[in-house]
Amino acid sequence: MATARSAARLLVTQELGGSALTGLTTSSAGNAGGTTLVDLSLAGYGNDRFENWWVVITSGTNNGEIRQVSDFVSSTGTLTVREAFTGQVANAVTYELHRYDPNVNHNALNEAMKEAYGLGHLFV
């Protein structure tokens, strides 16, 4: 059975005991410099709740980009990232929030695939 990398990424996160929020969608565009994204559905969480979490953009111009959160303002649903995305995060862009760095999960998945292929359990 084929599994999308996004689903596998979440499974690894769960196995490591990490937290993740998925299926999120921005409610308006972030700033032009690409350092913020806005999602009013997060307004119920307290200020700084997502500080040091990781954003994975899953649609739109910045699809696949991963950035660490430096600040979260609950009243506006604004996440600020440490390093700007390559472009402004638009309205209606889907994304995920991860407690731990998703790049570590990606590397673990890559190593597992290499090992499974080397053992003859994975075919091209």
task: Count the net charge of all other residues whose Cβ sits under 14 Å from the Cβ of Ser74, scoring Lys and Arg as +1 and Asp and Glu as -1.
output: -3
- request: Note down the relative contact order for the range 27-106 as a percent, whole number, built from C-alpha pairs under 8 angstrom at least six residues apart.
  value: 39
Label point 7 Å beyond Cα of Arg99 along Cβ direction - residues of the range 35-74 with amide nitrogen under 17 Å: 45-46, 48-56, 69
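All of the numbers you see were taken from the coordinates with simple rules; none came from a lab. Computed from a predicted structure; not experimentally measured. Neighbour counts run over all protein chains shown; Cβ positions are idealised from the backbone, glycine included.
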